[in-house]
Amino acid sequence: MIELFDTDRFEIGRASSKGNQLKWKAGDYWYKADSTGYEGLAEYVISHMLTYSDLEKEEYVLYGLETIRYKNKVMNGCKSQNFLNDGEMLITLERLYHNHTGRSFYSDVYLIKDHVERLKYIVDRTEEMSGIKDFGIYMSKILTIDTVFLNEDRHLHNIAVIRKRNGDYRLCPVFDCGAGLLSDTGMDYPQGTDIYEAMRNEVKAKTFTEDLDEQLEIAEKLYGSHIHINAGRKEAEAIITAAEMYDEAIRKRVIDIVVSRIAKFGYLFC
């Protein structure tokens, strides 16, 4: 357990559409408390499944579980190590675009009717503004993770690049997957929800289309498939079962969700 204080509170960009999750930075770690359900568990499970992938370690944020005491309240949550070097700053795509144009990136993207052109617009404009090459491959990786693990809160306020001390930009590790795995038990997916019906019909994406499967199909068509995960049910169960700070019913639910996603996207899993 770690005790955190108001002086550690940390905000970046605007609040998630899922709510204003409490965040802190203390020492060399960032902390987030569960707000709508089991976001910390989702971050932990998804990032630890990625340890079995062909992504390099620096390409994603690895989350650990943490019990947080704040103002005499004890909450479940997660922590991650700071991935910024001295003098670096995290710049969301929404902020980057607004700095260059004075307009909203998200609003301009949704003025485009064709969904393929929407993703191309995000990629092309980001490459122009940041000088980063092959941003489409990066987006394909993010959208693969989000689709497989049902992260429905990926918008242009939580896709980011890193501005270095000299003003150049580099890619940011994939972070903020806490809205995945039907983690919102407070409102959208309470305990007792038919998780299979929810996965089929209720989860909506927010990046450039509401359909998770469509966004992955478009990303793979434009930029290829770049993630494979050498894990299955056994590895997923081991990761989730070890998260003993969460109720057994929650852990069983998450196991069922992950196993179902592995079955659906078998071509991405070894």
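The values are calculated or read from the model by the stated rules, or taken from the named source; none is laboratory data. As the structure is a computational prediction, the values presented were derived from the model and not from experiment. Using ideal geometry, Cβ is built from the backbone for each residue, glycine included, and neighbour counts are taken over all protein chains shown.
What residue, among those in the range 189-208 that are in contact (Cβ under 8 Å) with a residue 40 or more places away in the chain and of a type outside the set (Val, Ile, Thr), is nearest to LEU119 (Cα to Cα)? Within the range 189-208, the match that is nearest to LEU119 (Cα to Cα) is PHE208. GLU235 passes every criterion in (1) part of a helix (DSSP H, G or I); (2) closer than 23 Å to GLY37 by Cβ; (3) in contact with a Phe, Trp or Tyr (Cβ under 7 Å, 6 or more places away or on another chain) apart from (2). Pairing each residue of the range 46-60 that is touching a residue at least 40 places away in the same chain (Cβ under 8 Å) with any residue that is surrounded by 15 or more Cβ atoms within 10 Å (Cβ to Cβ) and in a strand (DSSP E or B), provided the two are 6+ apart or on different chains, yields C-beta distances under 7 Å for SER47/TYR60; MET49/ILE229; LEU50/TYR60; TYR52/ILE229; SER53/ILE229; GLU59/VAL174; TYR60/VAL174.
Count of the range 221-267 residues, restricted to those that are of a type in the set (S, T, N, Q) and within 20 Å of LYS141 (Cβ to Cβ), is 2.
Quick check: anything in the range 159-166 modelled with pLDDT of 95 or more and under 10 Å from the mean Cα position of the chain (by Cα)? Scanning the range 159-166, I find at least one residue that is modelled with pLDDT of 95 or more and under 10 Å from the mean Cα position of the chain (by Cα), so the answer is yes.
Taking the range 218-266 as the range and being among the polar types (S, T, N, Q), touching a residue at least 60 places away in the same chain (Cβ under 8 Å) and over 19 Å from GLY192 (Cα atoms) as the test, the residues that pass are SER225, ASN230. For the range 82-122, filtered to residues that are without any contact (Cβ under 8 Å) to a residue 12 or more places away in the chain and of a type in the set (Gly, Ala, Ser), the residue that is farthest from ILE159 (Cα to Cα) is GLY102.
Within the range 238-270, take every residue that is at pLDDT 95 or above and not in a helix (DSSP H, G or I) and give me the one that is surrounded by the fewest Cβ atoms within 10 Å (Cβ to Cβ).
Across the range 238-270, the extreme among qualifying residues is GLU244.
All of TYR246, TYR267, TYR223 fail the test of being in contact with a helix residue (DSSP H, G or I) (Cβ under 9 Å, 6 or more places away or on another chain) and more than 26 Å from TYR110 (Cβ to Cβ), apart from TYR246.
Can you say whether SER225 is of a type in the set (S, T, N, Q), surrounded by fewer than 16 Cβ atoms within 10 Å (Cβ to Cβ) and at negative phi, as far as the supplied structure shows? So SER225 fits the description; yes.
Evaluating VAL174 against the criteria (1) of a type outside the set (Gly, Ala, Ser); (2) without any contact (Cβ under 8 Å) to a residue 40 or more places away in the chain; (3) under 16 Å from HIS226 (Cβ atoms) leaves one unmet condition, (2). Residues considered: ARG154, ARG125. Of these, the only one that is touching a Ser or Thr at 6+ places or on another chain (Cβ under 7 Å), without any contact (Cβ under 8 Å) to a residue 60 or more places away in the chain and either under 16 Å from PHE175 (Cβ atoms) or of a type outside the set (Ser, Thr, Tyr) (or both) is ARG154.
Applying the condition of being acidic (Asp, Glu) and touching a strand residue (DSSP E or B) at 6+ places or on another chain (Cβ under 8 Å) to the range 55-76 and asking which residue is farthest from GLU244 (Cα to Cα) yields GLU59. Note on the range 18-57: residues that are acidic (Asp, Glu), surrounded by fewer than 21 Cβ atoms within 10 Å (Cβ to Cβ) and under 21 Å from ASP184 (Cβ atoms) amount to 0. Scanning the range 111-155 for residues that are under 11 Å from the mean Cα position of the chain (by Cα) and over 21 Å from GLU210 (Cβ atoms) returns no hits. Entry remark, the range 92-149: residues being among the acidic types (Asp, Glu), buried (at least 20 other Cβ atoms within 10 Å of the Cβ) and touching a helix residue (DSSP H, G or I) at 6+ places or on another chain (Cβ under 6 Å) number 1 in total.
A quick yes/no check of all residues on (1) more than 21 Å from GLU56 (Cα to Cα); (2) of a type in the set (S, T, N, Q):
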position: ASN166; (1), (2): yes, yes
position: ALA179; (1), (2): yes, no
position: SER183; (1), (2): yes, yes
position: ASN201; (1), (2): yes, yes
position: THR209; (1), (2): yes, yes
position: HIS228; (1), (2): no, no
position: GLU235; (1), (2): no, no
